[in-house]
Structure formats: C-alpha cells, structure tokens
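Here is the structure we will look at, set down as structure tokens.
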Amino acid sequence: MAGKGIPGLEHLHVWISIPFCFAYTLALLGNCTLIFIIRADAALHEPMYLFLAMLATIDLVLSSTTLPQMLAIFWFRDREISFFACLAQMFFLHSFSIMESAVLLAMAFDRYVAICKPLYYTTVLTRSLITKIGMAAVARAVTLMTPLPFLLRHFHYCRGPVIAHCYCEHVAVVRLVCGDTSFNNIYGIAVAMFIVVLDLLFVILSYVFILQAVLQLASQESRYKAFGTCVSHISAILSTYTPVVISSVMHRVARHAAPHIHILLAIFYLLFPPMINPIIYGVKTKQIRDYMLSLFQRKNM
C-alpha cells in the first residue's frame, strides 16, 4: 500500500513539511523534558504528575506513529507501506488516542479528589490505584481497537493500493474496500462517540463538582488558588478535544470541501496536543517551572 500525502497539495509538500517538522520537534523535546523532570524530581512523584507523565508518553507515541512517515512522504516521496504495517499504524494511532482520553479523564478525577475531598487525597489516589487506572486505560483501548485490524484483513481491496491520506487512518483504509463495510463504519462511529461523549461527560461532571466546591471557599484568594491548579488540565482538555470537535463538525457541515481540508484538520489533531501540552504544563505548573529554572541556574554557575 502507499500513502498519497495531501491530495491537491502535492506541489506544496516540501513547504508544508516545515511547520510539521517544527511541531514534531517541539513535541519530542517538550514531552521528553516533562518525562525527565517528573522522573528526576522526587517531589513530583505525586498522582497529578504521574498522570502527566502518562499523557506525555502517549503524546510521544501518537506523534511518532505518524509524523516520521508523513515527513518521508513530503521529503523523499517514500510512500510505500506494507499492508500489515498500515494496520499496525492504524491500531497504535487509534488505541493511543483512546488512552489519551482516558488519562485526561483520570486527571479530572485527580483534581476532583484534590479539591472536593482533600482529606482523602493520599488514601484514595494511591500508587496501586494509579497503576490500575493506567492498566485499565490500556486494556480499554486495546479491547476496542483489536477487532478493526482483523476485520480489515479479510476484505478485498479492489480500489487500488493508494490511500488518500498521509497515514493509515481507519476511514481512509475502509474507502479502498470493495464490499459491505457498514459494520466497520458503524463500529468506528460507535467507538468514537462512546469514548468522546462518555469521557467528556465525566470530565464535565467532575468540573461541575469542582466549581461548586471552589465557590464555597471562604476567601477569593483560596478560590483563585484552588481553581488555578486546574488551569493546566482544562487547557490540555481544550487542546485535545477542540480539534476533534472541529474536525467532526467539518465532516458534517462541509462534506463537499476539498479533501486536503479534512486531512489538514486530522493532522492538526495529531500534532497540536503533543506540541502544546508540555508548554501548557511547563508554564502553568510551578513545580515543573521551578525545577527547570534550577537546572538552568546550575548550568550557569
């Protein structure tokens, strides 16, 4: 099989690759730095930062699953990918997207316990529970995504081996199939709706309780400080879910828009959260910011 890149913009591939390469470099540096800091500083071995390390790891895998191949297409016109490698890329791409949603939900639960049940924080969010949450996130993603490669493996592909996309997305692969793909389409939509709607619903519910608890605090300074601990997480939620919502709306409102519009939106969804999340947490989280400043001060001494 082969990836076509961005249909209609083939002549601009080299120029388009520049911002993508820059964003991927930022994602690699930012997320690796976050993981290093959280691992190196014992004071950051708390639930919130352990979940953040999970998020950074997922963002690294998500961006690295697709960006190197995209850059190979843009720079070297290396479009070839084996069928099984394509299925593997699709599996990792969608599985880690589901894991990212689960970790964001876990981080919302962490903030709920920290603000609404502060006396129970250390007894509820134990290392054991954090490990179980991580394992549950992986198990849910793998369980939901495992059927897709097996289903796609047994189809007959008579519409050519070229995918009209930069990477092996489920919908792009299904379009090459000759036969009844209604089950795949329904299953894909059902999983997406189940994950986005259910996880986002619980995240919103958590913040309703958090807002109620914050408003009941006596002083304005206490309210500001309590809600300030949630700013980074809210920003990460917006950076992750906003591109998903925009892409979904565009698919329904602008069905007849040029294919490259939808592809660019899909790439933006993959690149933007991994690039922006480390910046959000690096700037907004005092402990991480202080550790980075201390590293720079040691180098300058």
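The values are calculated or read from the model by the stated rules, or taken from the named source; none is laboratory data. None of the values given here were measured: they were computed from a predicted structure. Neighbour counts are summed over all protein chains in view; Cβ atoms, including those assigned to glycine, are modelled from backbone coordinates with ideal geometry. When the accessible area is computed, the model is the full protein with side chains, heavy atoms only, and any ligands, DNA or RNA have been set aside. Shrake-Rupley method; radii C 1.70, N 1.55, O 1.52, S 1.80 Å.
Selection over region 213-250 of residues that are assigned to a helix (DSSP H, G or I), over 25 Å from the mean Cα position of the chain (by Cα) and free of Cβ contacts under 8 Å to residues at least 40 places away in the same chain gives a count of 7. Look at region 96-110: where a residue is touching a residue at least 24 places away in the same chain (Cβ under 8 Å) and a partner is part of a helix (DSSP H, G or I) and of a type in the set (S, T, Y), sitting 6+ places away or on another chain with Cβ atoms under 6 Å, you get A108/S206. State the number of residues belonging to region 207-216 that are over 20 Å from K284 (Cβ atoms) and open to solvent by 50 Å² or more (accessible area, probe 1.4 Å). Residues flagged as over 20 Å from K284 (Cβ atoms) and open to solvent by 50 Å² or more (accessible area, probe 1.4 Å) within region 207-216 amount to 5. Quick check: anything in region 45-55 under 18 Å from V162 (Cβ atoms) and either touching a residue at least 12 places away in the same chain (Cβ under 8 Å) or not in a helix (DSSP H, G or I) (or both)? There is no residue in region 45-55 that is under 18 Å from V162 (Cβ atoms) and either touching a residue at least 12 places away in the same chain (Cβ under 8 Å) or not in a helix (DSSP H, G or I) (or both). Among the residues that make up region 63-80, is at least one of them touching a Leu at 6+ places or on another chain (Cβ under 9 Å), open to solvent by 40 Å² or more (accessible area, probe 1.4 Å) and modelled with pLDDT of 85 or more? Yes; the residues of region 63-80 include at least one that is touching a Leu at 6+ places or on another chain (Cβ under 9 Å), open to solvent by 40 Å² or more (accessible area, probe 1.4 Å) and modelled with pLDDT of 85 or more. All conditions but one from (1) in contact with a strand residue (DSSP E or B) (Cβ under 9 Å, 6 or more places away or on another chain); (2) hydroxyl-bearing (S, T, Y); (3) free of Cβ contacts under 8 Å to residues at least 12 places away in the same chain apply to Y167; the one that does not is (3). A count restricted to region 180-201 and to residues that are in contact with a helix residue (DSSP H, G or I) (Cβ under 9 Å, 6 or more places away or on another chain) and open to solvent by 80 Å² or more (accessible area, probe 1.4 Å) stands at 2. Does I204 satisfy being open to solvent by less than 70 Å² (accessible area, probe 1.4 Å) and modelled with pLDDT of 80 or more? So I204 fails the test. L270: buried (at least 16 other Cβ atoms within 10 Å of the Cβ), at pLDDT 75 or above and in contact with a Leu (Cβ under 7 Å, 6 or more places away or on another chain), yes or no? Spelling it out, L270 is indeed buried (at least 16 other Cβ atoms within 10 Å of the Cβ), at pLDDT 75 or above and in contact with a Leu (Cβ under 7 Å, 6 or more places away or on another chain). Of all residues in region 74-126, those satisfying the criterion of being farther than 25 Å from I189 by Cβ and in contact with a His (Cβ under 7 Å, 6 or more places away or on another chain) are F74, M107, R111. Close contacts from region 284-301, counting a first residue that is within 13 Å of I38 (Cα to Cα) and part of a helix (DSSP H, G or I) and a second that is at pLDDT 70 or above and of a type in the set (D, E, K, R), with Cβ to Cβ under 7 Å and a gap of 6+ residues or different chains, come to Y291/D41. N277 passes every criterion in (1) open to solvent by 30 Å² or more (accessible area, probe 1.4 Å); (2) modelled with pLDDT of 75 or more apart from (1).
Pairs linking a residue in region 56-75 that is in contact (Cβ under 8 Å) with a residue 24 or more places away in the chain and part of a helix (DSSP H, G or I) to a residue that is acidic (D, E) and open to solvent by less than 30 Å² (accessible area, probe 1.4 Å), with Cβ atoms under 9 Å and 6 or more positions apart or on different chains, are I58/E100; D59/E100; L62/E100.
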